[in-house]
Amino acid sequence: MKNYILMHISLLFLIIGVNSCKENTFVVDNNIKPGIYFSNDSIKYSFGVTKAEIKEYTIEVPVKVMGMKSNVDREFKIQITEPGIAVHGKHFSIPESLVIMADSLNGLVPIKIIRDELGDQEYRIAIKLVSNENFEPVNENFKDVVVYFNNIIDRPNWKNWRGEFSWPSDKLGQPKGTLGWNPVVYAKFIEFFRELENIEPARYNAIVAVHGEDLAVINESWPYDFDNTLTKFVLIPLYKYFMEENPQLGEVIPRPKGY
């Protein structure tokens, strides 16, 4: 009788165990679409001090997919929700077809910015991911991105020893009008400075280590610790450009020492 009872108890636990396994099995719904989301909520680009001959620039907004990779290309959709004063085809353009390539979980929304029509205004467009047959936006916090762009040359944050803005007139000429600085000369100055990276990379890196990219950190009106290098590779080419090669531009640059 004891063995009979034990056999029935064992059978009962076996049945309970089998039923429990069935109840906790996770069934994947193959009809659920993969999630898609932006990894940034805002991106900004300015032509600023880029070369004047550069007329277009493509901002690449990254998109990521949650889920499994696919062995085929998958199209995703966006919607421009806030164009503002930016006009598609005039100030910017976005391809009609946007694709997550096969065997990838990453994609891009390429936004081509057209420089000639930007003037001196700041532009913004808001882009939203929308559902289609391939993807579903993850949630509200990751389905939108705002893109800012302009052609504005911002005034450099150069200061004198008192912490006040300072334009080195003895190096770059007199300020323009009431601005207190000269955007045209500054843009060309930075262009020649960037070329130093290819000409003398060690010297360029030494300057950047102290004063930052594009000489962002100047607290004594001028980086006098690198004066000889900047005179040879930046100021002399700047003088030649404005005073000898393009005098019609009307910019007056002081003759650098040693030239």
Self-check item: Residue that is nearest to residue 128 (Cα to Cα) [pool: residues in segment 159-170 that are surrounded by 15 or more Cβ atoms within 10 Å (Cβ to Cβ) and at pLDDT below 95]
Solution: 159
Practice problem: With respect to residue 238, determine if the residue is within 22 Å of residue 157 (Cβ to Cβ) and modelled with pLDDT of 95 or more. | Solution: yes
Quiz item: Given 173, 177, 119, which one is without any contact (Cβ under 8 Å) to a residue 24 or more places away in the chain and either under 24 Å from residue 238 (Cα atoms) or surrounded by fewer than 20 Cβ atoms within 10 Å (Cβ to Cβ) (or both)?
Solution: 177
Exercise. Those residues that are surrounded by 15 or more Cβ atoms within 10 Å (Cβ to Cβ) and among the acidic types (Asp, Glu), I need them from segment 127-158; list them, please.
Key: 136, 144
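The values are calculated or read from the model by the stated rules, or taken from the named source; none is laboratory data. All of these numbers come straight from a predicted model, not from anything done at the bench. With ideal geometry, Cβ positions are generated from the backbone for all residues, glycine too; neighbour counts draw on all protein chains shown.
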